[in-house]
1. For Asp104, Asp224, give the ranking by accessible area with the largest first, probe 1.4 Å.
2. Once amide H atoms are built 1.01 Å from N in the peptide plane, which residues 5 or more positions from Ala35, or in another chain, come under 5 Å H to H?
3. Taking only the alpha carbons of the chain, what extent do you get along each of the three principal axes, in Å, biggest first?
4. Which residue, Gln114, Gln235, Gln137, tops the fluctuation ranking in a GNM of the chain built on C-alpha contacts under 10 Å?
5. Hey, if we sort Cys158, Cys5 by accessible area with the 1.4 Å probe, largest down, what's the order?
6. Along the range 254-268, what does the Karplus equation 6.51 cos²θ - 1.76 cosθ + 1.60 (θ = phi - 60°) give for ³J(HN,Hα), rounded to whole Hz, x for Gly and Pro?
7. By how many degrees, between 0 and 90 and to the nearest 10, does the Cα long axis of helix 134-147 differ from the longest principal axis of the chain?
8. List the lysines whose alpha-carbon lies under 27 Å from that of Lys261, not counting same-chain residues fewer than 8 positions away?
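The values are calculated or read from the model by the stated rules, or taken from the named source; none is laboratory data. These numbers come from a predicted model, not from an experiment. With ligands, DNA and RNA removed, areas are computed over all heavy atoms of the protein, side chains included. Shrake-Rupley method; radii C 1.70, N 1.55, O 1.52, S 1.80 Å.
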Amino acid sequence: MLLRCLRWIRVKVVEKAERLLLRVLASGPIPRHVAFVMDGNRRYARRTQQAINQGHSDGFVALRRLLEACLRLQIQCVSVYAFAIDNFRRSPEEIDHLMNLAHDKLMEMSQHGQILEEYGVRLNVLGKTALLPEFVQEAIRHVESVTRHNNKAILNICMSYSSQDEMTTAVESAVRLSLEKPNPEDCEITVTEDDVSAQLMTSLAGSPPLEILVRTSGVKRLSDYLLWQCSENTQIHFCKAYWPEFGLFDLVPILLDYQRKIWGRRIS
Ligand code: FPP
Ligand code: MG
């Protein structure tokens, strides 16, 4: 009884601290687009002596937690790296679990009263979705169609994604569009950086410029994620925490650093 009471007090104290932190942060500049490389699920599972699949399932719980914190802060757009094209090289069992998890969670999130409806979030799945199993593609079509009129925020789930693939596709589309334009100097193709930029999956999904990219688990690589979008003004952070244990208290110093730099830029 006493233990239950202490646990209840702890939960209430944490909730209060979170509300306070969110209020303090919300009084400063808020980034429009934050992306996460959700890394470390398997190492977390090994460290906590759980099955690898449980690590991925706990990873989804962390995604939901972080998404809610970002939405409460009115961050317009959140992008997450859920499955790289390269991840198809993992074991069939792990891929199966990730595909089933993606299907179940996409369907769950599309339901009435869930987070996407509550916060007015449009969900986009970005990547070579044709490589995904048909039942996952069906769930994607469903959740994208259910949320397409939501206009308060955007969640980009990058699945079967790589930046090199995204950039190749964007260049192809930009060239095709240039060829369709009436061109006085015949046969000349002009493609600018802006043309390619406009054809990126994130741009077609209506995402604002990327301001913060976070990679968890202590690994300092970008792993072919949003390479074009990481511009001069994107702040990149590498955190030690494994993704399933990453939370608001890890995000706060990153956001404070962003606010300090924005204020610094405004003063100079
Ligand atoms: C990277 O950790 C994580 C993944 C490859 C999968 C990410 C998926 C989720 C967080 C949950 C599912 C999301 C949706 C939308 C259903 P890792 O496996 O590379 O772990 P490691 O770095 O410790 O080996
Ligand atoms: Mg990894």
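1. On the way: Asp104 85, Asp224 40 Å².
Heavy-atom accessible area, descending, gives Asp104, Asp224.
2. Sorted by chain and number, the residues that satisfy this are Ser79, Ile212, Leu213, Val214.
3. 82, 54, 37
4. Residue with maximal mean-square fluctuation among Gln114, Gln235, Gln137: Gln114.
5. Numbers: Cys158 0, Cys5 65 Å².
Of Cys158, Cys5, the descending order of accessible area is Cys5, Cys158.
6. Couplings: 5, 6, 5, 4, 4, 5, 4, 5, 5, 5, x, 5, 5, 6, 6 Hz.
7. In the chain, helix 134-147 runs at an angle near 90 degrees to the longest axis.
8. Filter leaves Lys152, Lys220, Lys240.
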